[in-house]
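Okay, structure first, notes after.
Please treat every number below as a calculation from the coordinates, not as lab data. Nothing here was measured: the structure is a model prediction, and the numbers come from that model. Quick reminder, even Gly has a Cβ in these numbers, built from the backbone with ideal geometry, and neighbours come from all protein chains shown.
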Amino acid sequence: MARIKHIALTTGNPDEVAAFYKAAFGWKEIRRSPSGAVFLTDGAINLAILNWKTDQDADVGANGPNYSGIHHFGVEVDDLGDASRQLEAAQGKRLTQKEGIDAPLPSGRHRNFEMKWAGPDEVVFDISHTGWDGTS
């Protein structure tokens, strides 16, 4: 069974929002990306706090650019190929194409490999067979 393991927020100020959640709930910071995104965990779920999306982003989402709020969720699946075929059969919309899903990862690095999809309402979600940092 597929499992929700990731939630992503978009905001104009990822630093401020991350500081709030760390102070309010004691969540741990996992890392920061060069784009300014901050990644937190509660030990079970990965929370990505991202900069606003733009019209140029393939996954801008149903709420459009400069939206603050829950942007997408991530589902860990057992087999990426099987899940992709199931999504296609259910009329899912593939937003990103990924190649080399079986390529080896440098030693000591977690593989965070995801594909972006949308449902009939244009709500964005990720599927991953490798999971997200900080998830159980």
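Working from label points 7 Å from Cα in the Cα-to-Cβ sense, the Ile70 to Ala44 distance is 1.5 nm. What the Cβ-Cβ distance of Thr54 and Asp82 gives, at R0 = 25 Å and to the nearest 0.05, is a FRET efficiency of 0.15.
Work through the residues other than Val60 whose Cβ is under 12 Å from its Cβ and net out their charges, Lys, Arg +1 and Asp, Glu -1.
-2
Can you compute the charge dipole magnitude of segment 3-100 about its Cα centre, using +1 on each Lys and Arg Cβ and -1 on each Asp and Glu Cβ, nothing else charged? Give it in debye, rounded to the nearest 20. Around 120 debye, computed over segment 3-100. Here are some values of Kirkwood radius over Cα pairs in Å: (i) 15.6; (ii) 17.8; (iii) 15.2. Which one was computed from this structure? Structure-derived value, by its label: (i).
Spacing of the modelled spin labels on Asn63 and Ile30, each 7 Å from Cα toward Cβ, amounts to 2.1 nm. Extension gain for Val123 to Gln91 (0.36 nm times residue separation, less C-alpha to C-alpha distance): 10.2 nm.
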